[in-house]
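S.K.: The structure follows.
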Amino acid sequence: MKQAFMLLMGLVVLFQAGYELFGYAAVYEIAYGAITLMALMIAATFLWLFVVRATPLALGMAYSWAGAGAVMGWWWVYQFSGRPDWLSASPVLFACLPFYFVGAVLHFAVIHRSFGLHGLAFLVPVVVAVAVSAGIYLLV
């Protein structure tokens, strides 16, 4: 785990140096493009792990990473295409977000079962998250 932390710190420094040397737009577009592509590759890997039944979390991970790749990819396309008005309120984003939601629900279901619980109580964190988010939206 020390190596992972050192990698994290190295990347923080690298991203900040990139920002100072090349500016926000260059680092943003390169990083979002790279993480979008990596997320989609990871999603495909987890989908394969699900197909071969390697781990019960594989499908949740496939959906979560597909959601990450799709949402970040949407923002990446939006940014590098010059933030066009027609894309700023595009419902295409709402076709990407459900992947994230399904991944989260599947994760909560597996976590719920790992505690030996059954039923629909795994939906409580989902309902709470949506309610808190909606509450903040209504307050702001």
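The values are calculated or read from the model by the stated rules, or taken from the named source; none is laboratory data. What you see is a predicted model, and the numbers here were worked out from it, not measured in a lab. Heads up, the Cβs are rebuilt from the backbone with ideal geometry, glycines too, and the neighbour counts pull from every protein chain shown. These accessible areas exclude ligands, DNA and RNA; they are computed on the full protein's heavy atoms, side chains included. Shrake-Rupley method; radii C 1.70, N 1.55, O 1.52, S 1.80 Å.
S.K.: Which residues in segment 29-55 have a backbone N closer than 19 Å to a point placed 7 Å from the Cα of L21 along the Cα-to-Cβ line?
M.R.: Those under the cut-off are 29-35.
S.K.: R0 = 30 Å: FRET efficiency of V140 with W75, Cβ-based, nearest 0.05?
M.R.: Working from the Cβ atoms, E equals 0.90.
S.K.: If we sort 127-140, 56-69, 94-107 on the protection proxy, mean other Cβ atoms within 10 Å, highest first, what's the order?
M.R.: With the highest mean Cβ count within 10 Å placed first, the list reads 56-69, 94-107, 127-140.
S.K.: Same structure, new question: Using R₀ = 25 Å, calculate the FRET efficiency as 1/(1 + (r/R₀)^6) where r is the Cβ-Cβ separation of A95 and M38; round to 0.05.
M.R.: 0.75
S.K.: While we're here: Pull out the extension gain between A131 and V13, defined as 0.36 nm times the separation in residues minus the alpha carbon to alpha carbon distance; nm, one decimal.
M.R.: That works out to 38.8 nm of additional length.
S.K.: Set the Förster radius R0 to 30 Å, insert the Cβ-Cβ distance between M6 and E29 as r into 1/(1 + (r/R0)^6), and round the FRET efficiency to 0.05.
M.R.: 0.70
S.K.: Ignoring any ligand, DNA or RNA, what whole percent of the accessible area of the chain comes from carbon and sulfur when the probe is 1.4 angstrom?
M.R.: 77
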